[in-house]
Amino acid sequence: MDNIKVLAQMASIFSQFLYNPPSEEEWENIKEQKILLEWFIHSDNKNNKEALNLWEKSHHNESYIDLSVDYTDLFICDEIYLKAPPYGSFYLDMSGELYSKESDTVKEFYTQCSFFTKALLGQPADFIAIELEFLSTLLSNLHRDEVFKNILIEFLKQNFLSWVKTWIIDLKTNSKSFFYKGLAFQIEEFCDMLIEEFDIKDYEKKVYRKAS
């Protein structure tokens with residue numbers, strides 16, 4: 001499997017893990033298929049090693065309820081504060097409000113590529129799961145036209161890497177489950193692979209806040 005296909009598959013899987021926590025049936029299937037134990041990427045990268053170690057612990061020790069509780073605390077809310085807000089606007093917009101200018105900019109990328117997902121009917125465009133689904137779509141279509149590569153690079157620089165790196169820190173810091181802490185390390189490796197594959201530079205933007 002070449003690097004582009006690997007990246008597209010990673011983005012798709014991570015997107016599904018972030019739209020919703022695995023249901024009881026999905027979690028049992030994940031365990032039965034040993035997806036966390038036999039992850040398709042193995043490298044000497046420290047993020048990969050840490051992620052696999054955490055996911056092995058999750059496979060043996062956690063239930064779907066553990067993941068569901070952690071998902072709610074991290075990405076929706078608790079009584080005090082959001083622990084890893086999954087929206088670019090939280091980090092990049094001065095107000096921190098959802099459906100901001102940042103979200104509108106992301107939506108313009110989607111429109112440009114005729115990208116649509118039902119999640120857009122109920123979530124801001126800069127929801128991490130939607131952005132990952134969009135990246136998977138772009139990566140899967142790179143072979144069709146050079147324009148997809150140009151859009152991909154601009155999207156990564158302007159609307160993904162610029163906040164996801166900070167979000168990953170919040171996810172690592174505040175995750176209570178081995179599963180989502182491991183996912184943070186996996187997504188960090190995914191970002192590093194994208195940066196190397198497409199030689200991404202100058203992607204940093206002002207981050208106004210973080211949760212941790």
Q. Length gain on complete extension for the stretch L121 to S12, per 0.36 nm per residue less the alpha carbon to alpha carbon distance?
A. 37.3 nm
**Q.** Whichever aspartates and glutamates have a C-alpha closer than 15 Å to that of K49, once near sequence neighbours (fewer than 8 apart) are set aside
**A.** E38, E188, E189, D192
Q | K5-D145 FRET efficiency (beta carbon distance; Förster radius 25 Å; 0.05 resolution) | A | 0.90
Q | Loop trypsin sites (Lys or Arg not before Pro), segment 159-207 (other Cβ atoms within 10 Å of the site Cβ: 15 or fewer; DSSP) | A | K176, K201, K206
Q: Take the Cα atoms of the chain, find their three principal axes, and give me the spread along each one in whole Å, biggest first.
A: 44, 43, 31
Q: Can you figure out the FRET efficiency of K210 with N53, using R₀ = 30 Å and their beta-carbon distance, to the nearest 0.05?
A: 0.75
Q: Please say if segment 83-174 is rounded, prolate or oblate, where rounded means a/c under 1.5 for a ≥ b ≥ c the square roots of the C-alpha gyration tensor eigenvalues, and otherwise the choice is prolate for a/b larger than b/c and oblate otherwise?
A: prolate
Q. What list do you get for V106, V207 if you sort them by fewest beta carbons within 10 Å?
A. V207, V106
Q.
Take the residue pairs K34/K107; K83/K107; K172/K201; K101/K176 and return only those whose Cα atoms are more than 30 Å apart.
A. K34/K107; K101/K176
Q: Please get the size of the charge dipole for the chain, origin at its Cα centre, with Cβ charges of +1 on Lys and Arg and -1 on Asp and Glu, quoted in debye to the nearest 20.
A: 380
Q) If the cut-off is a Cα-Cα distance under 16 Å, which lysines reach K31, setting aside same-chain residues fewer than 8 apart in sequence? A) K57
(Q) How much length would be gained if the chain were fully extended between K176 and K34, taking 0.36 nm per residue of separation minus their Cα-Cα distance, in nm to one decimal? (A) 49.0 nm
Q) Once both labels are modelled 7 Å past Cα along the beta-carbon direction, what's the D199-D44 spacing in nm? A) 2.4
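Just so you know, all these numbers are worked out from the coordinates, no wet-lab data involved. All values derive from a computational prediction rather than experimental measurement. Using ideal geometry, Cβ is built from the backbone for each residue, glycine included, and neighbour counts are taken over all protein chains shown.
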